[in-house]
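Data first, discussion second: the structure below is written as structure tokens.
The values are calculated or read from the model by the stated rules, or taken from the named source; none is laboratory data. Every value quoted in this text rests on a predicted model; they were computed, and no experiment measured them. When we count neighbours, we look across all protein chains shown, and the Cβ atoms used for this are built from the backbone with ideal geometry, even at glycine.
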């Protein structure tokens, strides 16, 4: 899910997933604060999550772009 991003059309900003450094493995780089990538078969349901910084208070919807899937337009937030 690390390739997922949000587009705030109102402020013309692209928001990437939050990242963290694992203190137990400080040299391993930054990691996505999100679900791991898994395959999914046609007709199968898969629940995923990704964490993003909060947008400004006046933003009420964003576009959610998911690589190899597409973009969900005007998704309500709040």
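Do we have any residue at all in the stretch 15-37 that's part of a loop (DSSP other than H, G, I, E, B), within 17 Å of the chain's Cα centre (by Cα) and at pLDDT 90 or above? Steps first, answer last, please.
Taking the stretch 15-37 first, the residues part of a loop (DSSP other than H, G, I, E, B) are 17-18, 22-29, 33, 35-37.
Within this subset, residues satisfying the condition of being within 17 Å of the chain's Cα centre (by Cα) are 17-18, 33, 35-37.
If we keep only those that are at pLDDT 90 or above too, we end up with 17-18.
Yes, the conditions are met somewhere in the stretch 15-37.
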Q. Could we say that residue 51 is touching a strand residue (DSSP E or B) at 6+ places or on another chain (Cβ under 9 Å), exposed (fewer than 14 other Cβ atoms within 10 Å of the Cβ), at pLDDT 85 or above and on the phi < 0 side of the Ramachandran plot here?
A. yes
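Of these, 12, 73, which one is at pLDDT 85 or above and surrounded by fewer than 12 Cβ atoms within 10 Å (Cβ to Cβ)?
On the way: 73 fails: surrounded by fewer than 12 Cβ atoms within 10 Å (Cβ to Cβ).
Only one candidate qualifies: 12.
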Q: Just give me the residues in the stretch 1-17 being in contact with a strand residue (DSSP E or B) (Cβ under 8 Å, 6 or more places away or on another chain) and over 17 Å from residue 67 (Cβ atoms), in sequence order.
A: 8, 9, 13
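Determine whether residue 6 is in a loop (DSSP other than H, G, I, E, B) and surrounded by 11 or more Cβ atoms within 10 Å (Cβ to Cβ).
Values: in a loop (DSSP other than H, G, I, E, B): no; surrounded by 11 or more Cβ atoms within 10 Å (Cβ to Cβ): yes.
No.
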